[in-house]
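Peer 1: Here it is: the structure, laid out below.
The values are calculated or read from the model by the stated rules, or taken from the named source; none is laboratory data. None of these values were measured; they are calculated from a predicted model. Heads up, the Cβs are rebuilt from the backbone with ideal geometry, glycines too, and the neighbour counts pull from every protein chain shown. Note: areas computed on protein heavy atoms with side chains; ligands, DNA, RNA excluded. Shrake-Rupley method; radii C 1.70, N 1.55, O 1.52, S 1.80 Å.
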Amino acid sequence: GVVLVPGSHTVTAAFVPTDTFDYASAQALQTVTVTVPSFSALTPSSANLGSGNTTITVSGQGLVTGAQVLWNSTALATTWVSLNELTAVVPATLLAAQGSATITVADPNGVAVAGSQTFAVSPANAVAQASAKASVEAGQNATLTLTVNPYPAAITATLTLSFAPDPP
(Lines give C-alpha, C1' and ligand atoms only; values in the text may rest on other atoms or scores of the structure.)
Protein backbone atom coordinates (compact mmCIF):
# COMPACT_ATOMS: atom_id res chain seq x y z
CA GLY A 1 0.00 0.00 0.00
CA VAL A 2 3.02 2.32 0.04
CA VAL A 3 3.82 4.40 -3.04
CA LEU A 4 7.58 4.67 -3.39
CA VAL A 5 9.14 7.92 -4.54
CA PRO A 6 11.70 7.82 -7.37
CA GLY A 7 15.09 6.44 -6.38
CA SER A 8 16.48 3.22 -4.92
CA HIS A 9 14.67 1.50 -2.08
CA THR A 10 15.48 -1.64 -0.15
CA VAL A 11 12.60 -3.94 0.63
CA THR A 12 13.18 -6.26 3.56
CA ALA A 13 11.23 -9.43 4.26
CA ALA A 14 11.74 -11.10 7.63
CA PHE A 15 10.53 -14.51 8.78
CA VAL A 16 10.28 -14.87 12.54
CA PRO A 17 8.88 -18.29 13.42
CA THR A 18 6.78 -18.95 16.47
CA ASP A 19 8.26 -22.46 16.56
CA THR A 20 11.98 -21.72 16.97
CA PHE A 21 12.76 -25.41 17.64
CA ASP A 22 11.81 -26.57 14.10
CA TYR A 23 12.33 -23.31 12.16
CA ALA A 24 15.06 -20.70 11.98
CA SER A 25 14.59 -16.99 11.39
CA ALA A 26 15.33 -15.74 7.89
CA GLN A 27 15.67 -12.39 6.18
CA ALA A 28 15.79 -11.33 2.50
CA LEU A 29 16.65 -7.96 0.95
CA GLN A 30 15.71 -6.70 -2.48
CA THR A 31 16.60 -3.36 -4.04
CA VAL A 32 13.84 -1.71 -6.05
CA THR A 33 14.61 1.25 -8.31
CA VAL A 34 11.70 3.57 -9.08
CA THR A 35 12.33 5.75 -12.13
CA VAL A 36 11.20 9.35 -12.32
CA PRO A 37 7.93 9.65 -14.27
CA SER A 38 8.45 11.56 -17.49
CA PHE A 39 6.51 13.26 -20.26
CA SER A 40 8.25 13.01 -23.65
CA ALA A 41 5.74 13.58 -26.48
CA LEU A 42 2.44 15.29 -27.28
CA THR A 43 0.14 14.43 -30.20
CA PRO A 44 -1.21 16.59 -31.74
CA SER A 45 0.84 19.56 -30.64
CA SER A 46 -1.34 22.19 -32.29
CA ALA A 47 -4.89 23.04 -33.32
CA ASN A 48 -6.55 25.64 -35.49
CA LEU A 49 -8.04 28.71 -33.90
CA GLY A 50 -11.74 28.11 -33.28
CA SER A 51 -11.50 24.29 -33.33
CA GLY A 52 -13.91 22.19 -31.31
CA ASN A 53 -12.93 20.00 -28.37
CA THR A 54 -9.61 18.32 -29.21
CA THR A 55 -8.22 15.11 -27.70
CA ILE A 56 -4.47 15.09 -27.11
CA THR A 57 -2.24 12.12 -26.29
CA VAL A 58 0.60 12.46 -23.79
CA SER A 59 3.38 9.86 -24.05
CA GLY A 60 5.94 9.20 -21.37
CA GLN A 61 7.05 6.75 -18.72
CA GLY A 62 5.72 5.94 -15.27
CA LEU A 63 2.38 7.70 -15.78
CA VAL A 64 0.14 6.28 -13.05
CA THR A 65 -3.61 6.06 -12.66
CA GLY A 66 -4.91 9.43 -11.50
CA ALA A 67 -2.20 11.44 -13.28
CA GLN A 68 -3.58 14.72 -14.62
CA VAL A 69 -2.70 16.58 -17.84
CA LEU A 70 -2.41 20.33 -17.23
CA TRP A 71 -2.89 23.25 -19.66
CA ASN A 72 -0.91 26.19 -18.24
CA SER A 73 -1.39 24.62 -14.76
CA THR A 74 -5.16 24.09 -15.26
CA ALA A 75 -6.30 20.46 -15.13
CA LEU A 76 -7.87 18.96 -18.25
CA ALA A 77 -10.29 16.01 -18.30
CA THR A 78 -7.71 13.20 -18.36
CA THR A 79 -7.97 9.46 -19.06
CA TRP A 80 -5.27 7.01 -18.00
CA VAL A 81 -4.47 4.60 -20.85
CA SER A 82 -1.25 2.93 -19.63
CA LEU A 83 1.97 3.64 -17.76
CA ASN A 84 3.18 5.19 -21.03
CA GLU A 85 0.10 7.10 -22.19
CA LEU A 86 -2.61 9.53 -21.08
CA THR A 87 -5.28 11.25 -23.15
CA ALA A 88 -6.90 14.56 -22.32
CA VAL A 89 -9.58 16.75 -23.85
CA VAL A 90 -8.73 20.36 -24.63
CA PRO A 91 -12.10 22.17 -24.57
CA ALA A 92 -13.02 24.46 -27.46
CA THR A 93 -12.99 27.45 -25.09
CA LEU A 94 -9.19 27.10 -24.78
CA LEU A 95 -8.86 27.10 -28.58
CA ALA A 96 -10.72 30.39 -29.04
CA ALA A 97 -7.60 32.58 -28.78
CA GLN A 98 -4.38 32.46 -30.76
CA GLY A 99 -1.25 31.61 -28.76
CA SER A 100 0.42 28.71 -27.03
CA ALA A 101 0.10 26.75 -23.81
CA THR A 102 2.51 24.71 -21.75
CA ILE A 103 1.32 21.12 -21.29
CA THR A 104 2.57 19.31 -18.18
CA VAL A 105 1.56 16.26 -16.16
CA ALA A 106 0.79 16.14 -12.43
CA ASP A 107 1.30 12.87 -10.56
CA PRO A 108 -1.47 12.12 -8.01
CA ASN A 109 1.15 11.20 -5.41
CA GLY A 110 2.92 14.55 -5.61
CA VAL A 111 5.91 13.15 -7.52
CA ALA A 112 7.32 15.62 -10.04
CA VAL A 113 6.86 14.49 -13.66
CA ALA A 114 9.85 15.49 -15.80
CA GLY A 115 9.19 17.23 -19.10
CA SER A 116 6.71 19.55 -20.74
CA GLN A 117 5.53 20.30 -24.26
CA THR A 118 4.12 23.36 -26.04
CA PHE A 119 0.68 23.30 -27.67
CA ALA A 120 0.09 25.98 -30.32
CA VAL A 121 -3.25 27.54 -31.31
CA SER A 122 -3.00 29.30 -34.66
CA PRO A 123 -5.30 30.49 -37.40
CA ALA A 124 -6.15 28.05 -40.17
CA ASN A 125 -5.04 28.89 -43.66
CA ALA A 126 -7.78 31.03 -45.13
CA VAL A 127 -9.20 30.50 -48.58
CA ALA A 128 -10.41 33.63 -50.35
CA GLN A 129 -12.94 33.45 -53.16
CA ALA A 130 -14.31 36.30 -55.27
CA SER A 131 -17.33 36.02 -57.51
CA ALA A 132 -18.87 38.46 -59.97
CA LYS A 133 -20.55 38.49 -63.37
CA ALA A 134 -18.08 37.76 -66.14
CA SER A 135 -19.08 40.91 -67.98
CA VAL A 136 -21.32 43.94 -67.48
CA GLU A 137 -22.50 46.73 -69.75
CA ALA A 138 -20.75 50.06 -69.53
CA GLY A 139 -22.21 52.35 -66.89
CA GLN A 140 -23.88 49.53 -64.90
CA ASN A 141 -23.11 48.76 -61.28
CA ALA A 142 -21.79 45.27 -60.65
CA THR A 143 -21.77 43.26 -57.46
CA LEU A 144 -18.61 41.55 -56.31
CA THR A 145 -18.74 39.04 -53.46
CA LEU A 146 -15.58 38.26 -51.50
CA THR A 147 -15.66 35.26 -49.13
CA VAL A 148 -12.87 34.27 -46.74
CA ASN A 149 -13.39 30.87 -45.17
CA PRO A 150 -12.75 29.42 -42.62
CA TYR A 151 -11.53 32.31 -40.56
CA PRO A 152 -12.89 32.90 -37.05
CA ALA A 153 -10.88 36.06 -36.45
CA ALA A 154 -11.22 39.60 -37.80
CA ILE A 155 -8.99 40.26 -40.80
CA THR A 156 -7.88 43.19 -42.89
CA ALA A 157 -7.51 42.54 -46.60
CA THR A 158 -6.78 44.41 -49.78
CA LEU A 159 -8.79 43.65 -52.92
CA THR A 160 -7.30 44.83 -56.20
CA LEU A 161 -9.60 45.05 -59.21
CA SER A 162 -8.36 45.19 -62.79
CA PHE A 163 -10.52 46.27 -65.71
CA ALA A 164 -9.88 45.48 -69.33
CA PRO A 165 -12.19 46.82 -72.05
CA ASP A 166 -13.28 44.55 -74.85
CA PRO A 167 -11.35 45.19 -78.06
CA PRO A 168 -13.16 47.47 -80.55
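This table checks each residue for (1) in contact (Cβ under 8 Å) with a residue 12 or more places away in the chain; (2) in a loop (DSSP other than H, G, I, E, B); (3) out of contact with any helix residue (DSSP H, G or I) (no Cβ under 8 Å at 6 or more places or on another chain).
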position	(1), (2), (3)
Val69	yes, no, yes
Thr78	no, no, yes
Leu94	yes, no, yes
Val136	no, yes, yes
Thr156	no, yes, yes
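Peer 1: Return only the number of the condition from (1) at pLDDT below 95; (2) under 17 Å from Thr118 (Cα atoms) that Val58 does not satisfy.
Peer 2: So the condition that Val58 fails would be (1).
Peer 1: I'd like to know if region 127-139 contains one or more residues that are in contact with a Leu (Cβ under 7 Å, 6 or more places away or on another chain) and closer than 30 Å to Thr55 by Cβ.
Peer 2: no
Peer 1: Hey, another quick one. Given the criterion of a type in the set (Ser, Thr, Tyr), closer than 30 Å to Val5 by Cβ and surrounded by 12 or more Cβ atoms within 10 Å (Cβ to Cβ), identify the matching residue among Ser82, Ser122, Ser40. Before the answer, list the steps.
Peer 2: On the way: Ser82 fails: surrounded by 12 or more Cβ atoms within 10 Å (Cβ to Cβ); Ser122 fails: closer than 30 Å to Val5 by Cβ.
After ruling out the rest, the residue left standing is Ser40.
Peer 1: Based on this model, can you work out whether Thr87 counts as without any contact (Cβ under 8 Å) to a residue 40 or more places away in the chain, open to solvent by less than 40 Å² (accessible area, probe 1.4 Å), among the hydroxyl-bearing types (Ser, Thr, Tyr) and part of a strand (DSSP E or B)?
Peer 2: yes
Peer 1: Thr57 fails exactly one of the following numbered conditions: (1) among the polar types (S, T, N, Q); (2) part of a loop (DSSP other than H, G, I, E, B); (3) under 30 Å from Val90 (Cβ atoms). What is the number of that condition?
Peer 2: That leaves (2) as the condition not met.
Peer 1: Among the residues of region 119-134, how many are assigned to a strand (DSSP E or B) and more than 37 Å from the chain's Cα centre (by Cα)? Show your work before the answer.
Peer 2: Let us first name the residues in region 119-134 that are assigned to a strand (DSSP E or B), namely 119-122, 127-131.
After this cut, where a residue has to be more than 37 Å from the chain's Cα centre (by Cα) as well, the list is 131.
Result for region 119-134: 1.
Peer 1: Further, regarding this structure: Can you pull out every residue in region 125-134 that is in contact (Cβ under 8 Å) with a residue 12 or more places away in the chain and either under 30 Å from Ile56 (Cα atoms) or open to solvent by less than 80 Å² (accessible area, probe 1.4 Å) (or both)?
Peer 2: Ala126, Val127, Ala128, Ala130, Ser131, Ala132
Peer 1: Look through region 14-43, keep the residues that are in a loop (DSSP other than H, G, I, E, B) and touching a residue at least 24 places away in the same chain (Cβ under 8 Å), and return whichever of them is farthest from Ser100 (Cα to Cα).
Peer 2: Looking at the filtered set, the residue picked out is Thr35.
Peer 1: State all residues of region 45-90 that are of a type outside the set (S, T, N, Q) and under 11 Å from the mean Cα position of the chain (by Cα); if no residue qualifies, say none. Walk me through it before giving the result.
Peer 2: From region 45-90, those of a type outside the set (S, T, N, Q) are 47, 49-50, 52, 56, 58, 60, 62-64, 66-67, 69-71, 75-77, 80-81, 83, 85-86, 88-90; that's our starting set.
If the condition is that a residue be of a type outside the set (S, T, N, Q) and under 11 Å from the mean Cα position of the chain (by Cα), then Ala47, Ile56, Val58, Val69, Leu70, Trp71, Leu76, Leu86, Ala88, Val89, Val90 are the ones that fit.
Peer 1: Then there is this: Taking region 99-118 as the search range and keeping residues that are surrounded by 13 or more Cβ atoms within 10 Å (Cβ to Cβ), outside any strand (DSSP E or B) and not β-branched (Val, Ile, Thr), which one is modelled with the lowest pLDDT?
Peer 2: Asp107
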